[in-house]
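Working notes, structure below.
The values are calculated or read from the model by the stated rules, or taken from the named source; none is laboratory data. These numbers come from a predicted model, not from an experiment. Glycine also receives a Cβ, built like all others from the backbone with ideal geometry; neighbour counts cover every protein chain displayed.
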Amino acid sequence: MKISPSILSADFAHLARDVQIVEKAGAQYLHIDIMDGHFVPNLTFGPNVVAALRKDSQLVFDVHLMIEHPENFVEDFAKAGANIIMVHQESTVHLHGVLQQIKKLGARAGVVINPGTPVVMIEPVLSLVDQVLVMTVNPGFGGQQFIPETVEKIVELKKLQKKLGLDFDIEVDGGINEKTAVTCQEAGANVFVAGSFIFNSENPTEKILTLKEALA
């Protein structure tokens with residue numbers, strides 16, 4: 001079980017401070033949402049921000065590319081210090097190739113599916129990936145409500161994992177709190193992204209502990 005706080009909901013003026021808070025609280029990953037204003041209707045960070053944060057953190061950087069043509073940018077994020085680089089099935093016609101590219105760069109490779117994308121669309125690349133991210137909201141903005149229908153995808157992925165004899169983490173992102181996290185864990189997820197639940201509270205450390213206790 002791994003907690004991956006999403007800095008999409010952090011204080012952008014004090015990112016390093018907020019990263020240090022969740023690291024001291026026992027988070028294992030840091031979820032960094034990269035948005036280009038095209039694949040999703042929002043803009044966030046570039047490789048320079050990842051590189052700046054890398055200097056002050058030992059967390060696993062869980063970099064989620066919500067961008068068109070991710071194959072053009074994965075090298076920059078790998079050099080900036082990303083440990084895991086995840087790309088959307090919907091964002092590229094070269095999914096197999098970009099996953100190979102990530103692994104050649106020395107990072108762990110992940111594939112992401114939106115709520116409207118069936119698991120069968122990523123089955124051909126599951127043997128390549130270290131992590132699968134099931135979006136439990138539509139990507140682009142924090143603070144959205146969890147979509148219950150996405151839980152069945154986690155169940156399906158867990159069955160495929162066993163059937164194919166594969167070993168990859170199953171991550172969930174969107175509307176995650178102490179209740180929805182447990183629902184996803186029971187379905188088979190083991191990495192939990194939480195943004196507004198953690199950073200929109202008065203005590204982010206307490207919220208991380210709440211999640212850990214719920215999932216223990």
With the first residue restricted to segment 85-99 and required to be free of Cβ contacts under 8 Å to residues at least 40 places away in the same chain and assigned to a strand (DSSP E or B), and the second required to be aromatic (F, W, Y) and buried (at least 23 other Cβ atoms within 10 Å of the Cβ), Cβ contacts under 7 Å at 6 or more apart or on different chains are I85/F77
Those residues of segment 108-125 which are buried (at least 16 other Cβ atoms within 10 Å of the Cβ), under 18 Å from A187 (Cα atoms) and among the hydrophobic types (A, V, I, L, M, F, W, C) amount to V112, I113, V119
Practice prompt. Scan segment 91-102 and give yes if some residue there is touching a strand residue (DSSP E or B) at 6+ places or on another chain (Cβ under 9 Å), over 17 Å from A181 (Cα atoms) and either of a type in the set (S, T, Y) or at pLDDT below 95 (or both), otherwise no.
Written response: yes
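Every residue, every condition in (1) closer than 23 Å to I154 by Cβ; (2) out of contact with any Cys (no Cβ under 8 Å at 6 or more places or on another chain); (3) aliphatic (A, V, I, L, M), yes or no:
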{"residue": "F73", "(1), (2), (3)": "no, yes, no"}
{"residue": "V98", "(1), (2), (3)": "no, yes, yes"}
{"residue": "G106", "(1), (2), (3)": "no, yes, no"}
{"residue": "M121", "(1), (2), (3)": "yes, yes, yes"}
The lone condition H64 fails out of (1) in contact with a strand residue (DSSP E or B) (Cβ under 7 Å, 6 or more places away or on another chain); (2) under 21 Å from L157 (Cβ atoms); (3) buried (at least 18 other Cβ atoms within 10 Å of the Cβ); (4) free of Cβ contacts under 8 Å to residues at least 40 places away in the same chain is (4)
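Tell me the residue from F77, F146, F141, F61 that is part of a strand (DSSP E or B) and of a type in the set (F, W, Y), please.
Result: F61 is the single residue among F77, F146, F141, F61 that is part of a strand (DSSP E or B) and of a type in the set (F, W, Y).
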Original post:
Is there a residue in segment 56-63 that is β-branched (V, I, T) and under 25 Å from F197 (Cβ atoms)?
Top reply: yes
